[in-house]
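Have a look at the structure below, then the notes.
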Amino acid sequence: MVAEPNAVPDQRPWQPSEKALARTVYRARRRRRSFLVALASTVVVAGLAWWVLVSSPGWERTREAFFDPARFVEMLPALAGGLWLNLRVWVIAGLVSLVLGLLLAIARTTTAPALFPLRAAVVVFVDVFRGVPVLLVLLLVGFGLPALRLSWLPVQAAFLGTLALVLTYSAYLAEIFRAGIEAVHPAQVAAARALGLTRAQTTRRIVVPQAVRNVVPALLNIVVALQKDSGLISILGAVDAIRVAQISVTGDYNFTPYVAAGFLFLVVSIPLTRAVDAYNARRGWRGTRGVGGAIR
Amino acid sequence: MTAELTSGSPLAPLLALRGVRKSFGEHLVLGGVDLEVAEHSCVVLIGASGSGKSTLLRAVDLLEDIDDGSIQLRGVDIADPWVDADAVRARLGMVFQAYNLFAHLRVLDNLTLAQRLVHKQGKDEAEAAAIEMLARVGLADKATAYPDQLSGGQAQRAAIARALVNEPELLLLDEVTSALDPELVGEVLDLLVGLREEGMTMLVATHEMGFARRVADQVCFLDGGRVLEAGTPEQVLEDPQQPRTREFLARLQV
């Protein structure tokens with residue numbers, strides 16, 4: 001009923017059989033076909049989009065006003081100078097928001113009765129800054145805080161803009177951290193407490209490390225989003241890339257600088273997004289493709 | 001391709017593995033496995049953890065691609081990538097160690113899912129078949145329960161019912177009692193013994209030697225990625241010829 005047990009191991013090094021080679025050839029051919037199909041479908045879709053654009057009645061005037069190659073090149077250096085401010089705001093606001101968001105999330109998970117006011121304050125803070133549009137937070141912080149005439153408070157637009165972004169983004173990030181903390185399996189806490197760790201030690205050494213690992217992809221997404229939202233500080237008058245473009249547009253009503261500024265933001269955010277994807281994929285965070293291999 | 005799938009020699013065994021080879025990176029898991037399962041027979045795979053039992057079952061269900069060799073289902077080599085893998089899997093039943101019930105679906109809907117999506121049954125027809133199958137495995141009162149409301153033994157019986165309701169030609173069972181408390185193992189094994197008596201063709205990976213004795217026509221000892229010893233339960237379990245088999249069995253009996 002069963003083939004002879006192969007008790008004597010075959011010691012020769014493995015050479016793929018003809019059957020295995022034929023399968024490899026077949027799979028390679030399938031891959032090539034998939035590539036060609038993808039290419040053809042891309043060409044068709046891109047061609048259609050291009051045709052819709054250039055055949056629109058206003059295309060000629062739009063091209064002159066938005067896609068003037070000379071203006072584009074001419075504006076790049078000034079815009080890059082503005083973008084430098086965006087990048088600094090992004091890095092500082094990002095780092096501060098990450099730390100603050102984590103602290104807020106941890107504060108929310110405390111249970112000591114004396115800390116009730118802290119927990120209540122965190123809930124109110126997160127509810128308010130998650131619920132109010134970023135633009136409104138920017139306007140209120142940017143124009144409201146200087147009105148208080150606090151001598152120790154810097155009133156530069158870039159500082160106030162960064163502060164507003166931190167308020168909003170730390171609220172977002174706190175909610176993500178909280179989801180991560182709640183997703184840590186109760187058995188992990190039980191095991192730590194069983195070893196005699198206190199509640200605080202358990203939070204710091206067991207829960208938070210696992211929580212952070214759970215939510216890294218979501219955190220990185222928010223941080224990438226902050227990169228482009230750093231452009232919102234222009235409404236307070238900070239001279240970032242968008243403000244530079246705006247000043248130029250007001251002069252001659254040629255909108256090309258806006259397009260150039262958008263291009264510069266993409267130059268930063270697209271590689272950033274790809275880097276985040278690659279990082280997540282390497283850590284096996286892309287689902288079954290990343291860990292188990294795809295099932296045919 | 002579909003026509004080719006159902007053809008094949010009537011004399012061929014239901015399942016025949018020839019020189020099946022699979023490695024994960026540098027680690028060779030299956031180093032040329034030969035194995036046959038005749039229709040209405042039960043073949044039991046035994047062997048230490050990591051001996052390749054699960055990989056072998058997953059390869060047969062086309063959940064893993066193999067590096068070399070052939071897996072013939074009624075004479076058709078299903079390891080060939082031009083074979084419609086979904087159609088093959090629809091003909092096989094697989095039961096996992098950790099049940100793998102769909103947590104967001106009621107037990108009844110776990111059973112009717114493939115009936116409706118894959119086998120294109122109507123809702124009423126699928127539900128009638130599912131309720132009948134649940135009654136058979138003693139879970140008639142659990143149809144509307146969710147998987148997390150079941151005990152381990154109930155969950156595994158539900159998982160077996162989910163495979164059976166699709167009337168598989170071959171049932172693959174991967175360590176189906178290993179995650180269960182000892183007092184729950186019996187209820188699952190009794191169910192499998194009943195299936196065996198009805199003539200269900202089964203390929204089983206297990207650590208339950210008592211089960212192997214009760215139901216196996218053939219016991220295969222896997223070691224180092226190959227079938228080191230095969231025969232009737234009496235031959236392999238009572239009178240093993242290979243030192244490695246003796247060693248493995250001795251460790252279990254302690």
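Descriptive notes on the structure:
- Taking amide H as placed 1.01 Å from N in the peptide plane, the amide H of B:G32 sits under 5 Å from that of B:V20, B:R21, B:K22, each at least 5 places away or on another chain.
- Alpha carbon convex hull of segment A:85-238, volume per residue in cubic angstrom: 120
- Percentage relative contact order, segment B:2-253, counting C-alpha pairs under 8 Å, at least six apart: 26
- What the phi angles of segment B:51-62 give under the Karplus curve with 6.51, -1.76 and 1.60, with θ = phi - 60°, is a coupling list of 7, x, 4, 5, 4, 4, 5, 5, 5, 5, 7, 6 Hz, glycine and proline written as x.
- Highest to lowest packing among A:139-150, B:134-145, A:236-247, B:172-183, scored as the average C-beta count within 10 Å: A:236-247, B:172-183, B:134-145, A:139-150
- For segment A:20-38, heavy-atom accessible area (probe 1.4 Å) falls by no less than 50 Å² from the chain alone to the full protein assembly at A:R23, A:Y26, A:R27.
- In chain A, the portion of solvent-accessible area held by carbon and sulfur atoms comes to 68 percent [1.4 Å probe, whole percent, DNA, RNA and ligands not counted].
- Farthest toward positive dipole pole in segment A:148-228 [+1 Lys/Arg, -1 Asp/Glu at C-beta], among A:A187, A:N214, A:F159: A:A187
- Magnitude of the charge dipole, the protein assembly as shown, Cβ model with Lys/Arg +1 and Asp/Glu -1, debye to 20: 2440
- Rounded FRET efficiency, nearest 0.05, which uses the C-beta distance separating A:A225 from A:V96 and R0 of 22 Å: 0.90
- Interface area, chains A and B: about 2400 Å² of buried accessible surface, summed, with a 1.4 Å probe and ligands, DNA and RNA left out.
- Straight-line reach from B:K123: taking Cα to Cα under 29 Å and skipping same-chain neighbours fewer than 8 places apart, the lysines in range are B:K142.
- Counting DSSP beta bridges with both ends in segment B:2-253, the antiparallel % (nearest 5): 55
- Positive-end extreme of charge dipole, the protein assembly as shown - chosen from A:V25, B:I66, A:G58 (charges on Cβ): A:G58
- Tail fraction, Cα-Cα pairs, chain A, threshold 24 Å, whole percent: 70
- Electrostatic dipole magnitude of segment A:85-238 [Cβ: Lys, Arg +1; Asp, Glu -1; Cα centre; debye, to 20]: 380
- A:R88/A:A191 FRET efficiency (R0 45 Å; Cβ-Cβ; nearest 0.05): 0.55
- Segment A:149-193, accessible area per residue, ligands and nucleic acids excluded (1.4 Å, Å²): 50
- Segment B:107-195: equivalent-ellipsoid semi-axes (sqrt of 5 x gyration tensor eigenvalues, Cα, Å): 22, 15, 11
- Protein heavy-atom accessible surface, 1.4 Å probe, per residue over segment A:3-98: 75 Å².
- Note on A:V54 and A:N280: their simple-model spin labels are 3.6 nm apart, each label 7 Å out from Cα toward Cβ.
- Electrostatic dipole magnitude of segment A:1-139 [Cβ: Lys, Arg +1; Asp, Glu -1; Cα centre; debye, to 20]: 500
- Nonlocal amide H pairs with B:L150, under 5 Å, H built at 1.01 Å: none
- For segment B:85-94, backbone phi angles converted through the Karplus equation (6.51, -1.76, 1.60; θ = phi - 60°) give residue-by-residue couplings of 5, 4, 5, 5, 4, 5, 8, 10, x, 10 Hz, Gly and Pro being listed as x.
- Legend: P(r) of chain B from all alpha carbon pair distances, 5 Å bins from 0, whole percents, reading 1, 6, 13, 17, 19, 17, 13, 9, 4, 1, 0, 0.
- In this structure A:F116 has an accessible area near 130 Å², from a 1.4 Å probe over the protein heavy atoms.
- With N counted as the residues of the protein assembly as shown, its alpha-carbon radius of gyration over 2.2 N^0.38 Å works out to 1.33.
- On a per residue basis, chain B carries 42 Å² of accessible surface, using protein heavy atoms and a 1.4 Å probe.
- Considering only beta bridges that DSSP places wholly inside segment B:66-214, some 20 percent are antiparallel.
- Surface accessible to a 1.4 Å probe, B:M133 within the full protein complex, Å²: 30
- Each label point was placed 7 Å from the Cα along the Cα-to-Cβ direction; for A:S41 and B:F24 their separation is 3.2 nm.
- Length-normalised contact order of chain A in % [C-alpha pairs under 8 Å, at least 6 apart]: 26
- Spacing of the modelled spin labels on B:T232 and A:A114, each 7 Å from Cα toward Cβ, amounts to 7.8 nm.
- Residue-averaged beta-carbon neighbours from other chains (10 angstrom radius) around B:16-26: 2
- Percent of beta bridges antiparallel (DSSP, the protein assembly as shown, rounded to nearest 5): 55
- Viscosity 1.306 mPa s, 10 °C: Kirkwood-radius Stokes-Einstein D of segment A:164-296 over Cα pairs, µm²/s: 87
- Span-rule helices in chain A, defined as complete DSSP H runs reaching 24 Å or more along the axis (Cα) with Kyte mean at least 1.6: none
- Selected from B:F96, A:V122, A:A80, residue furthest toward positive end of dipole (the protein assembly as shown; charges at beta carbon): A:A80
The values are calculated or read from the model by the stated rules, or taken from the named source; none is laboratory data. Here the structure is a predicted model, which is why all the values come from computation and not from measurement. Please note: Cβ atoms are built from the backbone with ideal geometry, for glycine as well, and neighbour counts cover all protein chains shown. Surface areas here come from the heavy atoms of the whole protein model, side chains and all, with no ligands, DNA or RNA. Shrake-Rupley method; radii C 1.70, N 1.55, O 1.52, S 1.80 Å.
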